[in-house]
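I have placed the structure first, in the form of structure tokens, so that the comments after it can refer back to it.
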Amino acid sequence: MNFCSHCGSDQLQLQVPHGDTHPRLTCTSCQQVHYHNPSIICGCIIERDDEIALCLRAIEPQKNTWTVAAGFMENGESTEAAAQRETLEETGMQVGILDLYSVFNVIHMHQVYVIYRAQFVAQTQPMGLESSAVQWFKADQVPWHLLAYPAIKTMLKRHASERQSGRFNLYLGDADSGRTTPIG
């Protein structure tokens, strides 16, 4: 940021504002504090019968690898609405949210992922530009060696195991360490 979005000044400094505990970009002209907080990524594991749908990424990072439909939450959206919108944008599929499945931190990228289990409802439009393919996979067909991120692989392996038992847990985790904790 080169200019204060509040007053237009170029007098920005990194400092700890009064009453705060973290350095923040602060305008020394008008005292406006500019917060830069983690982004929330919302998405879905799309289920249909004994299959899940995955997207082949058409963009960087991790172009040409498979992942769940997910993307940045917008202002004015709930996490559920963001997950459904991102799923529709990337796959062209309308889905119904079943339950919250996984929340994990990607601290080095300043992101928090909120992933839902979702039931396929209908193919309502073509897949979006962020995907070069969308494909249904049974658990033994998932291209495990071509998944976009280690946390996605861990989550999908856990999901495949839980689908066999029919019992799903909510997990909290940290993508950097690989730690996951079942809740409930």
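Some observations on this one:
- Every pair of residues 6+ apart whose Cβ atoms lie under 8 Å, when the first sits in the range 108-127 and is more than 14 Å from residue 53 (Cβ to Cβ) and modelled with pLDDT under 95 while the second is exposed (fewer than 13 other Cβ atoms within 10 Å of the Cβ) and among the polar types (S, T, N, Q): 110/37
- Count of the range 38-72 residues which are without any contact (Cβ under 8 Å) to a residue 12 or more places away in the chain and either aromatic (Phe, Trp, Tyr) or under 23 Å from residue 12 (Cα atoms) (or both): 0
- Residue check, residue 102 within 20 Å of residue 60 (Cα to Cα), touching a strand residue (DSSP E or B) at 6+ places or on another chain (Cβ under 9 Å), surrounded by 13 or more Cβ atoms within 10 Å (Cβ to Cβ) and not β-branched (Val, Ile, Thr): no
- Meets criteria (under 22 Å from residue 177 (Cα atoms) and either of a type in the set (D, E, K, R) or in a strand (DSSP E or B) (or both)) for residue 95: no
- Exclusive hit being surrounded by 14 or more Cβ atoms within 10 Å (Cβ to Cβ) and farther than 15 Å from residue 43 by Cβ, set 167, 117, 158, 85: 158
- Qualifying positions in the range 123-156 - part of a strand (DSSP E or B), of a type in the set (D, E, K, R) and in contact with a Leu (Cβ under 9 Å, 6 or more places away or on another chain): none
- Strands (runs of 3 or more DSSP E) completely within the range 22-92 that count 2 or more residues being within 15 Å of the chain's Cα centre (by Cα), at pLDDT 95 or above and not basic (Lys, Arg): 39-48, 51-57, 69-72
- Contacts under 6 angstrom Cβ, first residue in the range 159-181 being more than 20 Å from residue 139 (Cα to Cα), partner part of a loop (DSSP other than H, G, I, E, B), 6 or more apart: none
The values are calculated or read from the model by the stated rules, or taken from the named source; none is laboratory data. Note that the structure is predicted; figures quoted are calculated from it, not measured. Ideal geometry is used to build each Cβ from the backbone, glycine not excepted, and the neighbour counts take in all protein chains shown.
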